[in-house]
Amino acid sequence: MHLYGTQAIDEQGHLTIGGTDAVELAKEYGTPLFVYDIQLFRERAKAFQKTFEDEGLGYQVAYASKAFSSIAIYQVAAEENLSLDVVSGGELYTAIQAGFPTEKIHFHGNNKSEAELRMAFEEKIGCIVVDNFYEIDLLKKLSEELEQPMNILLRVTPGVEAHTHDYITTGQEDSKFGFDLKNGQADKAFKQTYGHSFLKLMGLHCHIGSQIFDTTGFQLAAEKLVGKMSNWEKDYGYRCPVLNLGGGFGIRYTEEDQPLEPAIYVRDMIRTVKKVSAAADFQLPEIWIEPGRSLVGDAGTTLYTVGSMKEVPGLRKYAAVDGGMSDNIRPALYGAKYTSLLANKANAKASEQYTIAGKLCESGDKLIEEAHLPTLEAGDILSVFCTGAYGYSMASNYNRIGRPAVVFVENGEHQLVVRRETNEDLITHDMSYQQKVKGK
Ligand SMILES: *Cc1c(COP(=O)(O)O)cnc(C)c1O
């Protein structure tokens, strides 16, 4: 059994997280419940930052907050001196409500609306990561109208695509994101933006994939982007001071996943940039990274209550929990795998194999295909590990199930940071049908 961060098993055989008893948390706040180990989040953030400090480099570590967006996590991110990536007006609004320093917010997205971009100017955010020519035109128009400066990065598709267990390099990448580096789009975007009176071109950005387990892809991307920036300096006399290599650092969901230490990804990345920059006689740029999953993924655990059970003789045993694809769509969407532990009998022998099903009306609503657990009884508290990224943030109200509560735990204390949705919450946007008056 692999435990994460501050997780432990106490003398009662209960799972504890952040020094708090998971079974007690389930009792107090109800289930399903997302529990975040805030100490682990802080440790992950510091590990990335320390590597940059050790290598003596200018940097920003931006939390890619689409992985888990809430006021409270933004406040912890601010405490840890992280920057913040947002991808919508809604995430930006949440960050502002959290009091996040706007000069450290970076705005991403392949179809930002004019209203969203106006909000970015109004809030004087740190940087907009520009995705396409339509956006360049919009930004020029807005910055000139408002007579207001804005830092920008150009997002490019470097022709390096990383996958979980391997990577491929493609000539021309088929992606909805960014300017193609190879076919001249990136050069055209450069020419349209550098030296603009309000838009300040800071450099290039790429994001080569997610749940990546080696450093080769990042190194290839770094080579290409530094090469491009150094060519521009030679050709146009304009130096881009920032290189943003995105996120995608892998985490351990199950024993099949063998991620590197965060420090290793960053160290190899930095060394490549140093080498390539020196060879091209290009002044070392600042490096920015954007971890999402690797900051919050294994810090999150979901607690469920076990309910009904069904045996298909000779085939399998189903155990259903009180949540499912409405709070974690990843298994149904990508076949994502998770591990679990019976939180109220964490030391009991795993003598049985169950398929953990959700309670939503879809046959594919299964959280874990093969879970090795002790004999389950209704009322048991099942913990599913590593649900901190793309769980709550992708949650839905399918079947009109309210989204779970979220609790932060640290140093033996727990606090509610997102309230559970009630039935009343579910109808707050509904309006009654107005019956037509007869005879009119
Ligand atoms: C999603 C995303 C990230 C974060 O990816 P993780 O796999 O969660 O680390 C970073 N940058 C960009 C541009 C993204 O779209």
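Screening Tyr93 on (1) without any contact (Cβ under 8 Å) to a residue 40 or more places away in the chain; (2) over 30 Å from Leu138 (Cα atoms); (3) among the hydroxyl-bearing types (Ser, Thr, Tyr) shows it passes everything except condition (2).
Matching residues to (1) within 16 Å of the ligand (Cβ to nearest atom); (2) assigned by TED's automatic domain parsing to the domain that holds Ala222; (3) touching a helix residue (DSSP H, G or I) at 6+ places or on another chain (Cβ under 7 Å); (4) modelled with pLDDT under 95:
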{"position": "Gln258", "(1), (2), (3), (4)": "no, yes, no, yes"}
{"position": "Pro262", "(1), (2), (3), (4)": "yes, yes, yes, yes"}
{"position": "Val273", "(1), (2), (3), (4)": "no, yes, yes, no"}
{"position": "Ala279", "(1), (2), (3), (4)": "no, yes, no, no"}
{"position": "Phe282", "(1), (2), (3), (4)": "no, yes, yes, no"}
{"position": "Trp288", "(1), (2), (3), (4)": "yes, yes, no, no"}
{"position": "Pro291", "(1), (2), (3), (4)": "yes, yes, yes, no"}
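Does Lys228 meet the test of being within 28 Å of Asp187 (Cα to Cα), in contact with a strand residue (DSSP E or B) (Cβ under 7 Å, 6 or more places away or on another chain) and more than 16 Å from the ligand (Cβ to nearest atom)? Criteria met by Lys228. Each residue in the stretch 111-122 was checked for being of a type outside the set (D, E, K, R) and loosely packed, with under 15 Cβ neighbours inside 10 Å, and 3 pass.
In the stretch 39-59, the condition of being away from the ligand (no atom under 16 Å from the Cβ), in contact (Cβ under 8 Å) with a residue 12 or more places away in the chain and under 14 Å from Glu290 (Cα atoms) is met by at least one residue. Those strands (runs of 3 or more DSSP E) of the stretch 1-110 in which 3 or more residues are farther than 15 Å from Glu413 by Cα occupy 59-64, 83-86, 105-107.
Among the strands (runs of 3 or more DSSP E) confined to the stretch 125-242, the ones with at least 1 residues that are in contact with a Lys or Arg (Cβ under 6 Å, 6 or more places away or on another chain) and in contact (Cβ under 8 Å) with a residue 60 or more places away in the chain are located at 127-130, 199-205.
For the stretch 160-186, taking the residues that are surrounded by 15 or more Cβ atoms within 10 Å (Cβ to Cβ) and among the hydrophobic types (A, V, I, L, M, F, W, C), the one that is modelled with the lowest pLDDT is identified as Ala162. As for the stretch 271-287, it holds at least one residue that is touching a residue at least 12 places away in the same chain (Cβ under 8 Å), crowded, with 24+ Cβ neighbours inside 10 Å, out of contact with any Phe, Trp or Tyr (no Cβ under 9 Å at 6 or more places or on another chain) and not in a loop (DSSP other than H, G, I, E, B).
Restricting the stretch 346-364 to residues that are touching a residue at least 24 places away in the same chain (Cβ under 8 Å) and among the hydroxyl-bearing types (Ser, Thr, Tyr), the residue that is surrounded by the most Cβ atoms within 10 Å (Cβ to Cβ) is Tyr354.
Identify all residues within the stretch 419-440 that are touching a strand residue (DSSP E or B) at 6+ places or on another chain (Cβ under 8 Å) and aliphatic (A, V, I, L, M); write none if there are none. The answer is none; no residue qualifies. Within the stretch 216-231, does at least one residue satisfy the condition of being among the basic types (Lys, Arg), closer than 20 Å to Val156 by Cα, assigned by TED's automatic domain parsing to the domain that holds Lys112 and surrounded by 18 or more Cβ atoms within 10 Å (Cβ to Cβ)? Yes, some residue in the stretch 216-231 is among the basic types (Lys, Arg), closer than 20 Å to Val156 by Cα, assigned by TED's automatic domain parsing to the domain that holds Lys112 and surrounded by 18 or more Cβ atoms within 10 Å (Cβ to Cβ).
Take the residues of the stretch 391-401 that are within 13 Å of the ligand (Cβ to nearest atom) and either in contact with a Ser or Thr (Cβ under 9 Å, 6 or more places away or on another chain) or without any contact (Cβ under 8 Å) to a residue 40 or more places away in the chain (or both): which is farthest from Ala336 (Cα to Cα)?
Restricting attention to the stretch 391-401, the residues satisfying the condition of being within 13 Å of the ligand (Cβ to nearest atom) are 391, 393-394.
Those left that are additionally either in contact with a Ser or Thr (Cβ under 9 Å, 6 or more places away or on another chain) or without any contact (Cβ under 8 Å) to a residue 40 or more places away in the chain (or both): 391, 393.
Numbers: Gly391: 11, Ser393: 16 Å.
Filtering first and then ranking leaves Ser393.
Within the option set Leu382, Leu416, Leu367, Leu376, being surrounded by fewer than 18 Cβ atoms within 10 Å (Cβ to Cβ), under 20 Å from Gly30 (Cβ atoms) and modelled with pLDDT of 95 or more holds for one residue only, Leu416. Of all residues in the stretch 332-385, exactly one satisfies the criterion of being aromatic (Phe, Trp, Tyr) and under 12 Å from Ala319 (Cβ atoms), namely Tyr354.
The values are calculated or read from the model by the stated rules, or taken from the named source; none is laboratory data. Keep in mind the model is a prediction, meaning the values are calculated, not measured. Every residue, glycine as well, gets a Cβ built from its backbone with ideal geometry; the counts of neighbours run over all protein chains shown.
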